[in-house]
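Just so it is clear, none of the values below were taken in a lab; they were calculated from the coordinates. Note that this is a predicted model, so its numbers are computed, not measured. Glycine also receives a Cβ, built like all others from the backbone with ideal geometry; neighbour counts cover every protein chain displayed.
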Amino acid sequence: MNGAADLAQGRIPLVLRLLDHQIVGAEDELLGNVDDLELAETDRGLLVVGLLSGPAALAVRHGGRSGHWLAAIWRRLHPDHHPHVLSIPMAHVTALDSAVHVSRYAQRVLEQEAGLELWLRRYVVSRLPGARGGGDDRQHNAVITSRERHEELACADDAPRLSRLLGAEVRTRSGEVLGTVIELTAEAFERRGLELGRLRLVEVVCSRRHLGQDLGYTMAPQGPALVRGILRRWHSGDRRLSLDDLVHVDWREQTLTFPDGVTARHPHERLPQER
């Protein structure tokens, strides 16, 4: 299934279409990147409820000493005594293409954090191994003379995040390891007009290989036929599982448990209703 087909059905590959993408304002202002996604466990399943952007969000995702170091610098330099990571509600996402477009309200909130965020991205995040924080900020017009505190947008430190699922081990109840999570897809079940709304996680893709994910192969074949053939063979063991079958998520141990004999298919294999 390619990205266009996913979106046409209201399904969005979160790593491919949201994570690390540029956030853009109402008039194409650059507002940072999507560094993580806030999740919520509800009676409807796991929902994506907000966009997280900035060094504090990236620090949690990065983990380790460098993550703690980045978070400590962010707290030390932040103008608030008790700073918190802002979570932009999904209702303020107005479009998805090569970037993530947000409302004027979300733009104003992000611009108020921009001075510190841009400094940290340029001089700290961009120097971390594997980081993608040194983006072009030439179009960023964040000249902010006053700040508002948005306590209603605070993301709790212990809130579930997409980064806690990526790399998580997928296993069955009997202990069989199916791979680690490399992608999750979600459906836009609340979409109204221009508002994307909250997303419900519907599938997880697990693999024992990561090269194809890095090359954008996970949800659709990419590149010349020879490359596609090699990657298809390399990723022949990839599995796509419905989260309706999920038994348990252990956030601390980063494991997802499914029943024995769970139905699994290759990410490129489509069901009749998807054709």
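Near Ala186, the amide H atoms lying under 5 Å from its own belong to Ile12, Leu14, Val202; only residues 5 or more places off or on other chains count, and H is placed 1.01 Å from N.
Computed from the Cβ-Cβ distance with R0 of 45 Å, the FRET efficiency linking Arg65 to Arg191 stands at 0.65.
Given the peptides 41-49, 182-190, 169-177, 54-62, arrange them by the average over their residues of other C-beta atoms within 10 Å, most packed first.
Going by the mean number of other Cβ atoms within 10 Å, highest first, we get 54-62, 182-190, 41-49, 169-177.
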